[in-house]
Amino acid sequence: MTVFICSLFLPKTVQFNLPGNSRRRHTLSKRQKAFEPPKPPPVVSTVDVQPSLFTPRPDITPPHTPVDEPTSPDPFANEDGFRIHFPHSDNSPADKGSKSWGGRADQPKSRASTPPPADIFESSRTLQKATEMGRRGIVKPRSLIRSESHDKVFASASWRVVNADQGNGGLRNAAMAAARDGKLSDYTWVGTLGMPTDALEGTQQKQDIEDTLATEHDMLAVFCSDKDFDGHYSHFCKQMLWPVFHYQIPDNPKSKAYEDHSWKYYVKVNQAFADKIVQNWKRGDVIWIHDYHLLLVPGMIRKKLPEAKIGFFLHVAFPSSEVFRCLAVRKELLEGMLGANLIGFQIQEYTRHFLLTCSRILTVEATPEGLQLEDRFVEVVHNAIGIDPVSLNKHREETEVKKWLAVMQERYQGKRLIVARDKLDHVRGVRQKLLAYELFLNKNPEWRENTVLIQVALSSGEPTELDAAVSDIVTRVNSSWANLAYQPVVYLKQDIDYAQYLALLSIADALMITSQREGMNLTSHEYLFCQDGKIFPDKKHGSLILSEFTGTSSLFGKNELSVNPWDYRQCADAIKQALEMSEEEKTRRWEKLYQCVVHQTGSHWFTEFLSHLDRSYEEQHKRDQTYVPRLSMSSVSAQYANAQRRLFILDYEGTLVSWGPVNQIIPVSPQRTLDVLNDLLLDERNTVYVMSGRRPEELDRVFRRVPNLGLIAENGCFLKDCGKEEWVEMADASQITNWKESVKPIMQYYLERTPGTQIEERRCSLLFHYNNAEDYESASRQASDCASHVNDACESQRVHALAVDGAILVEPLDWTKCTAAQRVFEQLGEHMNSDQAHEQPVDFLMVVGDGREDEKVFKWANSLGSQKQIKDVITVSLGSRNTEAAATLTQGVSGVLNCLQRLASSS
Ligand SMILES: O=P(O)(O)OC[C@H]1O[C@H](O[C@H]2O[C@H](CO)[C@@H](O)[C@H](O)[C@H]2O)[C@H](O)[C@@H](O)[C@@H]1O
């Protein structure tokens, strides 16, 4: 059994040995090995230990990563000297420092030429000005003109597999930790190489790379064209999904964000992943798909492999439904995710948002455990990722870390250090942090000259206005308070290596995270771990200032200094509090935080999700694979013959008669149905109830020729007992009146905007019919919005809006067919006299139905059977859908009527 771990980027990529890069050591491709004499193994081989959220590079001395900088001019620079640069591709994970996709000198250049929205480029004047001021600015990416020399170089260059500097470090570490802990044995990564690959198309080189990754690294490389990847990642992911998932709806008037120009690339890349997995999947394998880049993959796989065990985990935040619904392709994205058996989020808030979003946008039934689809249940859980303390512990013992600790100790003698390392994009709130720090220094002169903020900012390719704004604040603070011996802000607009990072976390007095939104924040976990004083006893138990908008914050129980990053005053006060806090309080807070970090580890997260996936798959498949036998007429006839008090609860439409249009009153039932019911009722040992969503008066009309028939109307809100003239209203009338008052104006609003729709008022329910609308497509969208609106606005009133055929039905949650059936059963017990006290009120119960509403009745009836409250319980579902019923009938309405007729005739 293989676990496929699918994320956009593989943990490995390849690095080419190009002219001018001869100082690097290389692993030769298999083909090259055949022609060249063997060489000693490279000193710097693939680093197999993944120590932290980013990879240590033993061959690199801080602060730069020399392998990324060519020693000779870049042979593939465009004529004007610009290296191809993708402003919106992310350089690396927030917790790793890396070069952007298509931006490395030792990898092929992209041929993508899809133009990103105009507003992300600076005008040439702005660019010129930025250049004059020494800033780089954002340059329009230029696609590489097809060049044979470019292709040839890459087709023949030697290459080696190296750790990728893109991708989700937290996920990688968690997988490696789970494997190390013996909880994950056979696994295969599925992902892209994180570099343009058009130049390799059709070459043996590409095949060799693919083979090497597969055979030596258990990695399946997904290849897509540079154009598709660029459209997918730099555009749809980074300009649409990333901002929206972090509550930043693109609203620049010039933005093309709302046009779906990049959607097709998103679909293509997702399809390439799905195809790769489908090709390699074997029965019993597990597929685990990660993050917002691959939302469609579960649904795409499910189409091809209905039996597959598929998990999906979203690493980033999931926004409120009000934000998510702004996405034009909201339905497609949700439906894609729902291909999974289990969907995981970091924290409960995101789970709640997702459930509500699905219920509003897809009008599916949401329960606290997940989503009930027509044919499947999708479980939805929250389970926060964590770090790997074991490898972190190992790596912080390294000499390099100690060296950096010594350097910093000397450099910042007597200073209090507030540290941070963030991706420089709007979401991470670096600007807000600097403003808060400025305010802190302005308000607290006693802390000037002895407090330093060290901010490491990883380039993200975001608009330069942010770069400029941040640099301006840094300059302002430094020019206000710096002197020859003191600089209040140390701003590194570059990444630092792993040893420096660990030293920084260990020596800090406080870590300050001011993200405006963030799925988790594993930097804060690593910081807390490093603050145990083991490698730097002089400083320990430092404070954590953490934005309340990070997933991490909801785990930490306010033992951190929780801040709203938009409240500068509060953030400034938090800095002061962090620095002035007593040792006792710091220790008390740190101990609690530390416990969270070491208990909720990456390894634990990884294995917990996979075992949950096993459980939920088994649960779902027990039902699917439980063979629901066809109803055995001979055994049901024998049970019927032996019974003295029989109760029949029969669904009406779809069971006793074919479905009719819900917006039309059915004048009469087919004679055959009425005859069968009358025949059953001829035997006084039989009690028969028909249940329906129809109104009481409709059922009265339909069954006026079946005396002694019991009726359940409006899906359980009304009950009319056998032989009675009066209907009993089961539901609370005042509650119904109240919610109707809230729902009617909402329906009216949609009615006025959707020609051809109708509102039908039933006693306990309301329907919005759009079957006869002039424009059916647009009406069904309006209807779905109407349902969302109702579900949202009336959540507290115990009603829900459901999609039924051509209509939206709003009905109470507390009165159902099942509650009515229960009432019928209880009443029969109440009517037993004292002589019958030892007997069962019913010794034969038969429930027949065809819809979702009937499933609850099957379940209740089966439980009476298993508790031996009723001797013989027969539950029968029509068709081949998943069901709680113990038997099926496949010949539809006529099969049901035949069966009932045979029982009646056998009396
Ligand atoms: O920038 P991308 O390549 O699109 O990837 C998105 C981010 O993925 C990772 O962060 C996310 O997962 C982390 C671990 O679950 C979580 O802590 C974080 O909040 C999520 O955003 C990666 O660590 C980031 O660098 C990427 O930017």
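The values are calculated or read from the model by the stated rules, or taken from the named source; none is laboratory data. Note that the structure is predicted; figures quoted are calculated from it, not measured. Glycine also receives a Cβ, built like all others from the backbone with ideal geometry; neighbour counts cover every protein chain displayed. Remember, those area values only see protein heavy atoms, side chains included, never the ligands or the DNA or RNA. Shrake-Rupley method; radii C 1.70, N 1.55, O 1.52, S 1.80 Å.
Things to note:
- A DSSP coil position with no more than 16 other Cβ atoms inside 10 Å describes the following GluC sites (Glu not before Pro) in the range 677-718: 684.
- Contact order normalised by residue count of the range 713-831, Cα under 8 Å, 6+ apart, percent: 27 percent
- On full extension, the segment bounded by residue 641 and residue 774 gains 42.5 nm, given 0.36 nm per residue less the C-alpha separation.
- Sequence-distant residues sharing a close amide H with residue 365 (under 5 Å, placed H): 372
- Accessible surface of residue 769, taken over heavy atoms with a 1.4 Å probe and every protein chain present, rounds to 10 Å².
- For the range 506-631, relative contact order (Cα pairs under 8 Å, six or more residues apart, normalised by length) works out to 24 percent.
- For the range 671-677, 3J(HN,Hα) per residue [Karplus equation, 6.51 cos²θ - 1.76 cosθ + 1.60, θ = phi - 60°, Hz, x = Gly/Pro]: 4, 4, 4, 5, 4, 4, 5
- Efficiency of FRET between residue 203 and residue 264 - r from beta-carbon atoms, R0 22 angstrom, step 0.05: 0.25
- Note that the range 380-385 has calculated 3J(HN,Hα) couplings of 10, 9, 10, 6, 7, 6 Hz, one per residue in order, obtained from phi through the Karplus relation 6.51 cos²θ - 1.76 cosθ + 1.60 (θ = phi - 60°); glycine and proline are x.
- Peptides 574-582, 158-166 ranked from most to least packed, by the mean per-residue count of other Cβ atoms within 10 Å: 158-166, 574-582.
- Most to least packed among 234-240, 364-370 [average Cβ atoms within 10 Å]: 234-240, 364-370
- Between residue 584 and residue 839, the distance separating the two model label sites (each 7 Å from Cα on the Cα→Cβ line) works out to 7.7 nm.
- Estimated D of the range 503-657 in µm² per second, where Rh is the Kirkwood radius over Cα pairs and Stokes-Einstein applies at 25 °C, 0.890 mPa s: 121 µm²/s
- Solvent-accessible surface (1.4 Å probe) assigned to residue 242 amounts to roughly 20 Å².
- Under the convention that each Lys and Arg Cβ holds +1 and each Asp and Glu Cβ holds -1, the size of the dipole of the range 339-471 around its Cα centre is about 680 debye.
- Of the residues 780, 765, 479, 635, ranked by 1.4 Å probe accessible area with the largest first, the sequence reads 479, 635, 780, 765.
- Entry note, the range 679-764: relative contact order of 21 percent, from Cα contacts under 8 Å with a spacing of 6+ residues.
- Extending 7 Å from the Cα toward the beta-carbon at both residue 621 and residue 328 defines two label points whose distance is 3.9 nm.
- Across all Cα atoms of the range 626-768, the radius of gyration (one decimal) and Dmax (whole number) stand at 18.4, 59 Å.
- Candidates per trypsin sites (Lys or Arg not before Pro) in the range 866-895, loop by DSSP, up to 13 other Cβ within 10 Å: 868
- Bridge orientation summary for the range 602-755: considering DSSP beta bridges with both residues in this region, about 35 percent are antiparallel.
- Calculated from backbone phi, Karplus (6.51, -1.76, 1.60) coupling profile of the range 587-602 in Hz, x at Gly/Pro: 5, 4, 5, 4, 4, 5, 5, 4, 4, 4, 5, 7, 8, 8, 8, x
- Directionally averaged projected area (convex hull, Cα atoms, the range 790-883), nm²: 8.1 nm²
- R0 of 35 Å, Cβ-Cβ distance residue 832-residue 734: FRET efficiency to nearest 0.05: 0.55
- Of all DSSP-defined beta bridges confined to the range 328-485, some 35% are antiparallel rather than parallel.
- Full extension of the chain between residue 822 and residue 181 yields a length gain of 225.7 nm, computed as 0.36 nm times the residue separation minus the alpha carbon distance.
- The residues 431, 416, 902, sorted by heavy-atom accessible surface at 1.4 Å with ligands and nucleic acids left out, run 902, 431, 416 from largest to smallest.
- Surface accessible to a 1.4 Å probe, residue 884 within the full protein complex, Å²: 50 Å²
- Stretching residue 278 away from residue 675 to a fully extended chain increases their span by 137.6 nm, per 0.36 nm per residue minus the current alpha-carbon distance.
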